[in-house]
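Presented below is the structure to which this report refers.
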Amino acid sequence: MTPTVDQRAAREIEHGRMLAAGDTEAIWGWTTPAGLSRARRRAAMIIDGAGLAPGVRALEIGCGTGLFTEFFAGTGAHIVAVDISPELLEHARRRNLAGDAVRFVCGRFEECDLPGPFDAIVGSSVLHHLDVQRSVARIFELLRPGGTMAFVEPNMLNPQVFLERRLCRLPIFSYVSPDETAFVRWTLAALLERAGFTGVTIRPHDWLHPATPATLIGAVRALGAALEWAPLVREFSGSHLILARRPT
């Protein structure tokens, strides 16, 4: 049975509480040498795609512990960062990011009172936790004409991602919340275009697993770069870079 909006939100809050009680970023795979390399590359792709720079007003959805917020704020952009989990936001606030650069907001993105319009709306691994149609419509509404959205999200065609979503109740996949999904890029592109976005680009990428030994990161990166350009094979990459623009 499809959960109601309130049920889904309650489960996401509970999941955030569970994550915050542990080593959250280790659970997500960001603390290993390969994980840190993935995080830096992911942040750079979002920053470049969204055009984050001094003077840009940006909204980050699902900021969690603030790992990516810190990367985004480092560009000089002003960031409003929203998350549904008060416990994860406590971790983010402990980063002591400059108050004039970052404002944290706790609440459900689809219903938060947010100070739009924004030049850019960004996020890492968050849209697949939300009601996608409602969220995409809200992103469109909050962007200024000509504004850009830039996200990185899991690819449902990746074997590990597929198994995580189908077997999320197994203890080995406890880091996966019960209602989250992943995306097939053609379906998501069609949804974004129906919502009114233009310049929709969804690029499969990411072959570096967080468990990759430090000595192999360079070799796996080089192989991954080739696979990301290989027809058909690239469709099984771990993630999608998602870019789209609200028309002027």
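The values are calculated or read from the model by the stated rules, or taken from the named source; none is laboratory data. This structure is a prediction, so every number in the text was calculated from the model and none was measured. Cβ atoms come from the backbone with ideal geometry, glycine included; neighbour counts cover every protein chain shown.
Which one of A195, A211 is out of contact with any helix residue (DSSP H, G or I) (no Cβ under 6 Å at 6 or more places or on another chain) and either surrounded by 14 or more Cβ atoms within 10 Å (Cβ to Cβ) or over 14 Å from S239 (Cα atoms) (or both)?
Numbers: A195 fails: out of contact with any helix residue (DSSP H, G or I) (no Cβ under 6 Å at 6 or more places or on another chain).
After ruling out the rest, the residue left standing is A211.
A quick yes/no check of all residues on (1) within 13 Å of G16 (Cβ to Cβ); (2) out of contact with any Leu (no Cβ under 9 Å at 6 or more places or on another chain):
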residue: L59; (1), (2): no, no
residue: F72; (1), (2): no, no
residue: L89; (1), (2): yes, yes
residue: N96; (1), (2): no, yes
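In the stretch 98-136, which residue that is hydrophobic (A, V, I, L, M, F, W, C), farther than 23 Å from R17 by Cα and more than 17 Å from the chain's Cα centre (by Cα) is surrounded by the most Cβ atoms within 10 Å (Cβ to Cβ)?
Looking at residues that are hydrophobic (A, V, I, L, M, F, W, C), farther than 23 Å from R17 by Cα and more than 17 Å from the chain's Cα centre (by Cα), I get F118.
When you scan the stretch 165-177, how many residues do you find that are surrounded by 13 or more Cβ atoms within 10 Å (Cβ to Cβ) and over 17 Å from the mean Cα position of the chain (by Cα)?
Filtering the stretch 165-177 down to residues surrounded by 13 or more Cβ atoms within 10 Å (Cβ to Cβ) leaves 165, 168, 173-177.
Then drop every residue that is not over 17 Å from the mean Cα position of the chain (by Cα), which leaves 168, 173-174.
Residues that pass the stated criteria total 3.
Among the residues of the stretch 67-85, is there at least one that is at pLDDT 95 or above, of a type in the set (D, E, K, R), touching a helix residue (DSSP H, G or I) at 6+ places or on another chain (Cβ under 8 Å) and under 26 Å from A219 (Cα atoms)?
Applying the first criterion (at pLDDT 95 or above) to the stretch 67-85 yields 67-85.
Still in the running and of a type in the set (D, E, K, R): 70, 83.
Next, from what is left, pick out any that are touching a helix residue (DSSP H, G or I) at 6+ places or on another chain (Cβ under 8 Å): 83.
Still in the list and also under 26 Å from A219 (Cα atoms): none.
No, because not a single residue in the stretch 67-85 is at pLDDT 95 or above, of a type in the set (D, E, K, R), touching a helix residue (DSSP H, G or I) at 6+ places or on another chain (Cβ under 8 Å) and under 26 Å from A219 (Cα atoms).
Just to be sure I understand, how many residues within the stretch 65-84 are over 18 Å from M149 (Cβ atoms), in contact with a strand residue (DSSP E or B) (Cβ under 8 Å, 6 or more places away or on another chain) and either part of a loop (DSSP other than H, G, I, E, B) or free of Cβ contacts under 8 Å to residues at least 12 places away in the same chain (or both)?
The qualifying residues number 2.
Enumerate the pairs (first residue in the stretch 168-179 and in a helix (DSSP H, G or I); second residue anywhere and buried (at least 16 other Cβ atoms within 10 Å of the Cβ)) with beta-carbon separation below 8 Å, excluding pairs fewer than 6 apart on the same chain, so at least 6 apart or on different chains.
From the stretch 168-179, the pairs are F173/E164.
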